[in-house]
Amino acid sequence: MVYSITKITGEMPFCEVFLKGMAMDKWQKRFFDLARLVATWSKDPSSQVGAVIVDDKKRIVSVGFNGLPIGVKDTEERLNVRELKYELIVHAEANAILTAPKSVAGCTIYVYPYLPCSRCAGAIIQSGIKKVVVEDRPIPDRWLDNFNLAKTILTEAGVEVDILPINER
């Protein structure tokens, strides 16, 4: 079973943008298109995630996708044995933060296709990112509790979370 992000939050005011039904503006569409493209760079056979960090002037600061650390070989076993992969993979959001050439404090991160996990939410908070933007996509059951925890800590730390209607391409 899958749930939409708005269903798992349990709070209707969670995302004013989504509730007002506002369409994605041209810049948001561009950043989501880029995050979707960056996600395709992942060699993970089951989940391709992309992240784009932008500053307040709409300049791209960094991008990231989920994958093994630099210099670590992408072997079949490492990518296909779930328990091993989970221990090795660096998430898209963390990759974007860690490889940014400058501070990402005050920036916005666009994440495709899902809300960040709780660990990435912690990295987002610690890095000073002020806004997370995601599309309202179906969430697999196995990640519901973790995404709820991520939403809770992001909100508690004052990070704005915008959930936008899916941008049909």
* Asked: Given a 1.4 Å probe and the protein chains all in place, what does the accessible area of residue 29 round to, in Å² to the nearest 10?
  -> 80 Å²
* Structure fact -> Heavy-atom accessible area of residue 156, protein chains in place, probe 1.4 angstrom, given in Å² to nearest 10, is 150 Å²
* Asked: Using a 1.4 Å probe, how large is the accessible area of residue 120, given in Å² and rounded to the nearest 10?
  -> 10 Å²
* Exposure ranking of 149, 68 by accessible area [1.4 Å probe, largest first] -> 149, 68
* Greater than 30 Å apart at Cα, pairs in 58/85; 29/102; 26/102 -> 58/85
* For 103, 127, write out the residues from largest to smallest accessible area, computed with a 1.4 angstrom probe and no ligands counted. => 103, 127
* What ranking of 119, 137 comes out by heavy-atom accessible area, probe 1.4 Å, highest first? -> 119, 137
* **Where labels lie 7 Å past Cα in the beta-carbon direction, separation of residue 102 and residue 149 in nm** => 3.5 nm
* Over 20 Å, how big is the tail of the calculated P(r) for the range 75-169, in percent of all Cα pairs? => 40 percent
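The values are calculated or read from the model by the stated rules, or taken from the named source; none is laboratory data. What you see is a predicted model, and the numbers here were worked out from it, not measured in a lab. Neighbour counts run over all protein chains shown; Cβ positions are idealised from the backbone, glycine included. For accessibility, only protein heavy atoms count, side chains too; no ligands or nucleic acids. Shrake-Rupley method; radii C 1.70, N 1.55, O 1.52, S 1.80 Å.
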